[in-house]
Amino acid sequence: MILVFLGPPGAGKGTQAQRLEKLYGYRQISTGDLLRRHRRDQTPLGQQAQSYMDRGDLVPDNLIIEMMEGELEGVSDVILDGFPRTTAQAQALDAMLRAKSKSVPGALLFSIDDDELMERLTGRWIHPGSNRVYHERFAKPKNAGFDDVTGEPLIQRPDDMPETVANRIAVYHKETAPLVDYYDEPSSRRLISVDASAPADDVAKEIDQKLRHFANASGAA
Ligand code: ADP
Ligand code: AMP
């Protein structure tokens, strides 16, 4: 099954994708994590993406689509976390999957009001080696500032600063929110929605329930 995680920055997509990866063997493909790796390795793509990411704007569609064509080779149970983010990317994804005779993806919408996102993102800490996600109030590490598994230091993302967060939320509404209608189109019924403002454990329960239902209804494993 190919699942698209749709929702604003800070809605909890990465948190839930990592949980599903650990529990059920899905593979999380996060375009944000991939791009940050390209930047760290100073690849041409990383250099091209840098200024867009620093402003909180979207990286141009052609660069993202080309990157994802490689990533989707030979995958089966995948969570696409942060892709597609524009209608052009969604159409390209459908075309790529059709060409590989794969089924259309289901989309899971993380529903949440904007006013909760700022606190989630400005309090987020990550372990750069594994991309494990923490929060200084809602998902505290055992030792403040350090990863539970490796004991290595956690960092805050530069684009989680308040000014950039505000732009990322605006960009979400302009460029990505239209995908809700794209995936909710009556002939395909690909959209499932969860209440992402609930505590993470409750979101997890709702996702598990709805995914089971979706998998049964669509005949997917
Ligand atoms: P996204 O991948 O959608 O940008 P994350 O999964 O990184 O979002 O979550 C953003 C921040 O909010 C992280 O610090 C995470 O620990 C925290 N978080 C995730 N889910 C919840 C939740 N349901 N309630 C409170 N905080 C959450
Ligand atoms: P994320 O880690 O998902 O919050 O993404 C961080 C940044 O990477 C975004 O603000 C964008 O600049 C860029 N990015 C990630 N995914 C995409 C995408 N699908 N399309 C365009 N830009 C993206």
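Nothing in this text is a laboratory measurement; each read-out follows from the coordinates by a stated rule. Here the structure is a predicted model, which means the values were calculated and not measured. Glycine gets a Cβ as well: all are built from the backbone with ideal geometry, and neighbour counts include every protein chain shown.
For the range 182-197, the candidate set comprises residues that are within 18 Å of the chain's Cα centre (by Cα) and not β-branched (Val, Ile, Thr); within that set, the residue that is nearest to Arg19 (Cα to Cα) is Ala196.
In the range 122-153, the qualifying residues are those that are over 20 Å from the mean Cα position of the chain (by Cα) and surrounded by 18 or more Cβ atoms within 10 Å (Cβ to Cβ), and the one that is nearest to Arg39 (Cα to Cα) is Asp147. Being under 16 Å from Gly32 (Cβ atoms) and either away from ligand 2 (no atom under 15 Å from the Cβ) or crowded, with 18+ Cβ neighbours inside 10 Å (or both) is a description that applies to Thr176. The residues listed here are Arg36, Arg19; of these, the one that is surrounded by fewer than 20 Cβ atoms within 10 Å (Cβ to Cβ) and within 8 Å of ligand 2 (Cβ to nearest atom) is Arg36. Among the residues making up the range 98-121, those that are under 20 Å from the mean Cα position of the chain (by Cα) and surrounded by fewer than 12 Cβ atoms within 10 Å (Cβ to Cβ) are Asp113, Asp115. Scanning the range 51-104 for residues that are within 16 Å of ligand 1 (Cβ to nearest atom) and small (Gly, Ala, Ser) yields Gly56, Gly82.
Residue-level check: of (1) crowded, with 20+ Cβ neighbours inside 10 Å; (2) more than 10 Å from ligand 2 (Cβ to nearest atom); (3) part of a helix (DSSP H, G or I), Ile64 misses just (2).
Taking the range 116-133 as the range and being without any contact (Cβ under 8 Å) to a residue 40 or more places away in the chain and closer than 15 Å to Ala144 by Cα as the test, the residues that pass are Gly123, Trp125, Ile126, His127.
Within the bounds of the range 185-199, is there any residue that is within 15 Å of ligand 2 (Cβ to nearest atom), part of a loop (DSSP other than H, G, I, E, B) and surrounded by 18 or more Cβ atoms within 10 Å (Cβ to Cβ)? Scanning the range 185-199, I find at least one residue that is within 15 Å of ligand 2 (Cβ to nearest atom), part of a loop (DSSP other than H, G, I, E, B) and surrounded by 18 or more Cβ atoms within 10 Å (Cβ to Cβ), so the answer is yes.
What is the residue count in the range 66-86 for residues that are more than 21 Å from Arg36 (Cβ to Cβ) and touching a helix residue (DSSP H, G or I) at 6+ places or on another chain (Cβ under 6 Å)? Final tally of qualifying residues: 0. Among residues of the range 137-160 that are closer than 30 Å to Tyr52 by Cβ, those with a beta-carbon under 7 Å from a residue that is of a type in the set (Val, Ile, Thr) and surrounded by fewer than 16 Cβ atoms within 10 Å (Cβ to Cβ) at least six positions away or on a different chain give the pairs Asp160/Thr122. When each of Gln28, Gln16 is tested for being in contact with a Leu (Cβ under 8 Å, 6 or more places away or on another chain), polar (S, T, N, Q) and within 16 Å of ligand 1 (Cβ to nearest atom), the lone residue that passes is Gln28.
Here is a yes/no grid of residues against (1) hydrophobic (A, V, I, L, M, F, W, C); (2) surrounded by fewer than 19 Cβ atoms within 10 Å (Cβ to Cβ); (3) in contact (Cβ under 8 Å) with a residue 40 or more places away in the chain:
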site	(1), (2), (3)
Leu3	yes, no, yes
Thr15	no, no, yes
Leu23	yes, yes, no
Gln28	no, no, yes
Met68	yes, no, no
Val78	yes, no, yes
